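Undergrad: One structure follows; several queries about it will come next.
The numbers here are math on the coordinates, done by the rules we state, and not lab data. Not measured: the values here are computed from a predicted model. Don't worry about glycine lacking a Cβ; one is built from the backbone with ideal geometry, like all the others, and counts go over all protein chains shown.
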There are 2 protein chains.
Amino acid sequence: MIKLVVDCFGGDRSPKANVEGAIKALNEIKDLYLILTGDENILSEELKQYEYDKERLTILHAPDVISCNDTPTEAIRQKKESSLVKGFELLRNDPEVRGLVSVGSTGAILAGCVMKVGRILGVKRPAFCPILPTMTGGIVGICDSGANVDCDPQHLQQFAIMASLYLQKAFNVQNPRVALLNIGTEEEKGDALRKETFQLLKNSTPSINFVGNMESRDLLSGSYDLVVCDGFSGNVLIKTTEGSCLEVLKLIKKAFTKNLKNKIGALLLKKSVYEIKDMMDYNNYGGAVMLGIKKTVVKGHGSSKAKAIYHCIKQAYNMENNKLCEVISEEITKLNEQKEA
Amino acid sequence: MIKLVVDCFGGDRSPKANVEGAIKALNEIKDLYLILTGDENILSEELKQYEYDKERLTILHAPDVISCNDTPTEAIRQKKESSLVKGFELLRNDPEVRGLVSVGSTGAILAGCVMKVGRILGVKRPAFCPILPTMTGGIVGICDSGANVDCDPQHLQQFAIMASLYLQKAFNVQNPRVALLNIGTEEEKGDALRKETFQLLKNSTPSINFVGNMESRDLLSGSYDLVVCDGFSGNVLIKTTEGSCLEVLKLIKKAFTKNLKNKIGALLLKKSVYEIKDMMDYNNYGGAVMLGIKKTVVKGHGSSKAKAIYHCIKQAYNMENNKLCEVISEEITKLNEQKEA
């Protein structure tokens, strides 16, 4: 049995979507046990409409909620009765509870990972790794995407190792193609950080499958499974991608409703445009994870629907089922031993 | 009379598009004088089809071409007979020649700016500043977008001042709204570079109109006229934007030709989709410029059509007509005097 906590508050569609997603996962995965955190009355009421195995679900009462306006570290320290902090406390204290899924404040979740769960021995810096859909129907991971704004080459090397294992264990990507985010593809490109990291990654085979530098315009091309970067440029990378794709879609949408002729045209194209929207919809993919901490934490998008939350729970289950944290611990220990030798 | 050099080779549509764009600009702007560099025979032949004032155009013979495969600094040093180097030599040696327009290798142009033209006294680092169209029909500048991968706060402050003046003088943007690229909008966000730069920019009024941090997802929103960043993250920013927009448009294009129904729909939407493409087409905007060097250099997109080259020439003309280099020199001197005081 794999036990996970689902924080049922903090998202735009909470707790409705969280509960619905949790039940869907519970009914599908037979060795899954879920603890839902949040206001007990509201959650009990919400649960009434579902059929599920009551032996595998409990509620942990938490009347308070952390919002995006709370300062992350303060919120984790002070909002002890919040659904997120109660979840983190359980994760920290109960050895049987293996993971947590939340769609709450990213900052608070990152803070909780470090303050409540803690690093795996030997990991220099836990890193945040979201995934995006590519134009060829696959996914690409970005690590780090904002947890560490200042990085050194050793950090980036660890990110590459941890996130490669993650893609294998959570999404079954075999031998993930790892690229280093840079301003050009040639080996000598970039600043001191990039040049040194390039050499480290090149010498990290066979632990990782390093394929060289990647320019940011190729992120969604499908030629890479993982992009390694410092948290500052990774944050720019992911937010620019999201922002530009949305802006173009907005323009298209505007054109579709401009006049009657366009509306008829749009009607004929409806199915295909929905397919594109669906392909780019984060609700169909899992959440972002914090890698390098002792337990599994998956952070879904703030406006996640039930389907997205279901995917996040499944992803957390896969990670624990494939013992990702243990495998990361082993590989990082091996890496550090090699360095000492 | 404003004298400019037009490098007629090195682009995907060279020299045809370069010559056509040059003639269009020459015929429109009556106090413009153009020197076209490139193979004399080819250029003379090309020019035969146009009517223009022969008193205001000369050809400078340059039989060689720098390609994107050449190493930038080596090419500038060794390819002395190339259309680009001949242009740079003229720019360096003839005080009457005020600017250069090229659609050749970005690396070689940046190298030429530094090696042949040189910095304005007091400018710490020349910076590259391309512009992008925004979703509200305006433009946004990105400075630096790749010339300086390692930057300190003083560099970024100078970028903000130079690029603000540039937007005013070249595109008539009044009181440009300057943002600092960061991973969040709050004042305390980011790494040491961002935190220190934020304070410097905040204290740089009224020279610049600093409006705070910007997250990369808002680049095209129309809320900002200029984004200041180190060359590494600026490069990620611009290439991601280009890449994502293109990928989404590719998906749409594929959908439009998928089956008969879609093709009919696409036909009805044709006009509006062309308007979107047109809005996002760099051919309608000027080129990128190198700021902080002694003369005007405008770099157009490698696949520029005649229209784009015409816009680049007009932009270079505006910059010189409004004495941008002199104004930058004055403002940077003022800044440095304030710092010493």
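Undergrad: Quick one: work out the % antiparallel among DSSP beta bridges in chain B, nearest 5. All intermediate terms of the calculation are to be shown ahead of the outcome.
TA: Details: 9 of 40 bridges.
Expressed as a percentage, antiparallel bridges in chain B total about 20.
Undergrad: Compute the Kirkwood hydrodynamic radius of the stretch B:238-341, taking the inverse of the mean of 1/r over all pairs of distinct Cα atoms, and give it in Å to one decimal.
TA: Result for the stretch B:238-341 stands at 17.1 Å.
Undergrad: Follow-up. Got the A:Leu260 label distances to the other copies yet, label 7 Å along Cα→Cβ, in nm, shortest first?
TA: So the label point of A:Leu260 gives 2.5 nm to the other copies.
Undergrad: Along the Cα→Cβ direction, 7 angstrom out, place labels at A:Glu337 and B:Ser303. What is the inter-label distance in nm?
TA: 5.2
Undergrad: Here's another thing I want to ask about it. How far is A:Glu326 from the same spot in each other copy, in nm, shortest first, if each label point sits 7 Å from Cα toward Cβ?
TA: The projected label point of A:Glu326 is separated from its counterparts by 7.6 nm.
Undergrad: For the stretch A:125-286, what does the relative contact order come out to in percent, with C-alpha contacts under 8 Å and a separation of six or more?
TA: For the stretch A:125-286, the relative contact order is 29 percent.
Undergrad: Give me the distance in nm between label points sitting 7 Å out from Cα along the Cα-to-Cβ direction at B:Lys202 and A:Glu326, one decimal.
TA: Roughly 5.0 nm, to one decimal.
Undergrad: Please state the relative contact order of chain A as a whole percent: Cα pairs under 8 Å, 6+ residues apart?
TA: Taking the mean separation of contacting Cα pairs over the length of chain A, I get 23 percent.
Undergrad: Mean Kyte-Doolittle of at least -1.0 and a Cα length of 30 Å or more along the axis: which whole DSSP H helices of chain B meet both? Intermediate values should be presented prior to the final figure.
TA: On the way: long enough: B:231-256 (37 Å, 0.47).
Within chain B the helices that satisfy the rule are B:231-256.
Undergrad: Something else now. Positive end of the dipole of chain A, charges at C-beta (+1 Lys, Arg; -1 Asp, Glu), about the Cα centre: which of A:Leu267, A:Gln78, A:Ala108 has its Cα farthest in that direction?
TA: A:Leu267
Undergrad: Report, for A:Asp94, each distance to the same residue's label point in the other copies, shortest first and in nm; define the point 7 Å along Cα→Cβ.
TA: 8.1
Undergrad: In debye, nearest 20, what is the charge dipole magnitude of chain A about its Cα centre with +1 on Lys and Arg Cβ and -1 on Asp and Glu Cβ, if you could check?
TA: Details: 44 positive and 42 negative charges, 203 e Å.
Result for chain A is approximately 980 debye, rounded to the nearest 20.
Undergrad: Can you compute the helix-only [θ] at 222 nm over the protein assembly as shown? Use -39500 (n - 2.57) per DSSP H run of at least 4 residues, normalise by all residues, nearest 500 deg cm²/dmol.
TA: Values: 22 runs with 310 residues, N = 682.
After summing the helix terms and dividing by residue count, I get -14500 deg cm²/dmol.
Undergrad: Sticking with this structure for a sec: What does the charge dipole of the stretch B:124-286 about its Cα centre add up to, to the nearest 20 debye, if the Cβ of each Lys and Arg holds +1 and the Cβ of each Asp and Glu holds -1?
TA: On the way: 19 positive and 17 negative charges, 206 e Å.
Computed about the Cα centre, the dipole is about 980 debye.
Undergrad: While we're here: Go ahead and collect, in residue order, the members of the stretch A:83-108 whose backbone nitrogen is under 11 Å from a label point 7 Å along the Cα-Cβ direction of B:Lys195.
TA: none
Undergrad: How would the protein assembly as shown be classified by its alpha-carbon gyration tensor: rounded, prolate or oblate, with rounded meaning a/c under 1.5 and the a/b versus b/c comparison settling the rest? Walk me through the numbers before you get to the answer.
TA: On the way: a/c = 2.16, a/b = 1.80, b/c = 1.20.
Prolate is the answer for the protein assembly as shown, as a/c is 1.5 or above and a/b outweighs b/c.
Undergrad: Cα centroid distance between the stretch B:282-341 and the stretch A:92-111, in Å?
TA: Rounded to whole Å, the Cα centres lie 51 Å apart.
Undergrad: Taking every residue in B:259-265, how many Cβ atoms of other protein chains lie within 10 Å of its Cβ, on average? Before the final figure, lay out each step's value.
TA: Working: counts 3, 1, 6, 7, 2, 4, 12.
The mean count of partner-chain Cβ atoms within 10 Å per residue comes to 5.
Undergrad: Still on this structure, I have one more. Running a GNM on chain B with Cα contacts under 10 Å, which residue among B:Phe171, B:Phe159, B:Phe198 ends up with the highest mean-square fluctuation?
TA: B:Phe171
Undergrad: Continuing with this model, one more query. Fewest Cβ neighbours within 10 Å first, please rank B:Cys129, B:Cys245, A:Cys229 accordingly.
TA: B:Cys245, B:Cys129, A:Cys229
Undergrad: Starting from the amide H of B:Lys323, placed 1.01 Å from N in the peptide plane, find each other amide H under 5 Å away whose residue is 5 or more places distant or on another chain.
TA: Residues meeting the criterion, in which the H sits 1.01 Å from N, do not exist here.
Undergrad: Does chain B come out rounded, prolate or oblate, given a ≥ b ≥ c as the square roots of the eigenvalues of its C-alpha gyration tensor, rounded meaning a/c under 1.5 and, failing that, prolate meaning a/b above b/c?
TA: Working: a/c = 1.81, a/b = 1.10, b/c = 1.66.
In terms of gyration-tensor shape, oblate.
Undergrad: Which of B:Lys253, B:Lys30 has the fewest other C-beta atoms within 10 Å, and how do the rest follow up to the most? If you can, show how the numbers build up before the last one.
TA: Details: B:Lys253 13, B:Lys30 9.
The most exposed by this proxy come first: B:Lys30, B:Lys253.
Undergrad: Let me ask something additional. Kindly write out, for the stretch B:98-109 in residue order, the coupling ³J(HN,Hα) from the Karplus curve 6.51 cos²θ - 1.76 cosθ + 1.60 (θ = phi - 60°), rounded to whole Hz, with x marking Gly and Pro.
TA: Listing the rounded values in order: 9, x, 9, 10, 9, 10, x, 4, 4, x, 5, 5 Hz.
Undergrad: I need the calculated FRET efficiency for the pair B:Lys16 and B:Asn172, taking r as the beta carbon distance and R₀ as 22 Å, to the nearest 0.05. Intermediate results must be reported in sequence, preceding the final value.
TA: On the way: r = 31 Å, r/R0 = 1.39.
In this case the efficiency is close to 0.10.
Undergrad: Next question. Can you put B:Leu60, A:Leu291 in order, fewest other beta carbons within 10 Å first? Intermediate results must be reported in sequence, preceding the final value.
TA: Values: B:Leu60 19, A:Leu291 30.
In order of increasing Cβ crowding within 10 Å: B:Leu60, A:Leu291.
Undergrad: Take peptide B:179-186, look around each residue's Cβ out to 10 angstrom, count Cβ atoms belonging to other protein chains, and average those counts. It would help to have the intermediate numbers written out before the result.
TA: Details: counts 0, 0, 4, 4, 10, 4, 0, 1.
Mean shielding by partner chains, rounded to a whole number: 3.
Undergrad: Right, another one. Once you average over the residues of A:269-276, how many Cβ atoms of partner chains fall within 10 Å of each Cβ? Intermediate values should be presented prior to the final figure.
TA: Working: counts 12, 3, 6, 11, 6, 1, 3, 5.
Taking all residues of A:269-276 together, the mean is 6.
Undergrad: Now for a separate question. Explain nothing, just the number: dipole magnitude of the stretch A:1-108 about its Cα centre with +1 on each Lys and Arg Cβ and -1 on each Asp and Glu Cβ, in debye rounded to the nearest 20.
TA: 200
Undergrad: Considering the dipole of the protein assembly as shown built from charges on the beta carbon (Lys and Arg +1, Asp and Glu -1) around the Cα centre, which of A:Thr58, A:Phe198, B:Leu43 is farthest to its positive end?
TA: Farthest towards the positive end: B:Leu43.
Undergrad: Just going by the charge dipole of chain A, with Lys and Arg at +1 and Asp and Glu at -1 on Cβ, which of A:Leu226, A:Gly11, A:Gln315 is farthest out on the positive end?
TA: Value computed over the given set: A:Gly11.
Undergrad: Now, a different point. For chain A, with a Gaussian network of springs between Cα atoms less than 10 Å apart, report the residue from A:Leu47, A:Leu34, A:Leu251 with the top mean-square fluctuation.
TA: The residue with the greatest mean-square fluctuation here is A:Leu251.
Undergrad: Over what distance in Å are the Cα centres of the stretch B:173-192 and the stretch B:194-257 separated?
TA: Using only Cα atoms to place each centre, the spacing works out to 10 Å.
Undergrad: Given springs between every Cα pair under 10 Å in a Gaussian network model of chain A, which of A:Phe232, A:Phe128, A:Phe88 has the largest fluctuation?
TA: A:Phe232
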